[in-house]
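Below is one structure, written out as structure tokens, with a few remarks after it.
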Amino acid sequence: RKEVEQDPGPFNVPEGATVAFNCTYSNSASQSFFWYRQDCRKEPKLLMSVYSSGNEDGRFTAQLNRASQYISLLIRDSKLSDSATYLCVVNHNAGKSTFGDGTTLTVKP
Amino acid sequence: DTAVSQTPKYLVTQMGNDKSIKCEQNLGHDTMYWYKQDSKKFLKIMFSYNNKELIINETVPNRFSPKSPDKAHLNLHINSLELGDSAVYFCASSMTGGTEAFFGQGTRLTVV
């Protein structure tokens, strides 16, 4: 079993749709969690950290469920510019971040 | 000002050659990393340094040797390049291990 697993997609959605990604992790001692975004042929960039209480940033909502060992990312009112690969990241030892293999999202007009 | 910069951006070389990729960060971070992203776009950590000390060394062939002359620099030297080394190599840094990482633009290495 992979340490961090994501549904690779692709997710193809129309503009304005709501889309959700899940990510599961295997190490119950994992300490911090993030969602990154990577555009084609670019470097990954932090989208948002994920907190136990859940957090929201505009159209994006991230949640953490420690009991079930998964994190989620919800995107509301999808824009064309949201098209990218979304990477789930889990840190379980200081200095070691494990990236999921990414979920590809394409938002279509 | 670029926060994490790596050079070169593109590198095409023949099998068997030795090459280096340089990375510098001006964020004052203590931790730096090298990641490899293969043709399937999977991003895997290779090395992590904290204050010039190696703290993570994943299963990477010993042809790959990182060097950190100071905490703002982490270079990657690769000996005897093989076709399978073709990938995009990303340098990154973070305040400490486990916090938000900032990535360089990547070095696209092609071994022919």
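The values are calculated or read from the model by the stated rules, or taken from the named source; none is laboratory data. Bear in mind the structure is a predicted one, so any value in this text is a computation, not a measurement. Note: ideal-geometry Cβ built from the backbone for every residue, glycine included; neighbour counts use all protein chains shown. Areas reflect the complete protein model, heavy atoms only, side chains present, ligands, DNA and RNA absent. Shrake-Rupley method; radii C 1.70, N 1.55, O 1.52, S 1.80 Å.
Projected label points at B:MET15 and B:SER39, each 7 Å from Cα along the beta carbon direction, are separated by 1.4 nanometres.
With all protein chains in place and a 1.4 Å probe, the accessible surface of chain B carries 49 percent carbon and sulfur.
Among the trypsin sites (Lys or Arg not before Pro) within the range B:1-47, those in coil by DSSP and having at most 16 neighbouring Cβ atoms inside 10 Å are B:LYS9, B:LYS40, B:LYS41.
Across peptide B:93-101, the mean count of Cβ atoms from other chains lying within 10 Å of each residue's own Cβ comes to 6. Heavy atoms of the protein chains alone define the surface here; on that basis the range B:23-103 has 45 Å² accessible area per residue at 1.4 Å probe size.
On a 31 Å Cα-Cα criterion, which of the cross-link pairs A:LYS108/B:LYS19; A:LYS108/B:LYS22; A:LYS79/B:LYS52; A:LYS79/B:LYS67; A:LYS45/A:LYS108 come out too long? Distance filter (> 31 Å) returns A:LYS108/B:LYS19; A:LYS108/B:LYS22; A:LYS79/B:LYS52; A:LYS79/B:LYS67. The Cys residues in the protein assembly as shown with no partner Cys Cβ within less than 4.7 Å of their Cβ are A:CYS40. Using a cutoff of 8 angstrom between alpha carbon atoms and counting only pairs six or more residues apart, the relative contact order for chain A works out to 38 percent. Mean projected area of the Cα convex hull of the protein assembly as shown, taken over all directions, amounts to 12.5 nm². Please work out the Cα center distance from the range A:57-101 to the range B:30-105, rounded to the nearest Å. Comparing the Cα centres of the range A:57-101 and the range B:30-105, I get a distance of 22 Å. Structural descriptor for chain B: relative contact order 37 percent, calculated from alpha carbon pairs under 8 angstrom and at least 6 residues apart.
Taken about its Cα centre, chain B carries a charge dipole of about 280 debye when Lys and Arg each add +1 at the Cβ and Asp and Glu each add -1 at the Cβ.
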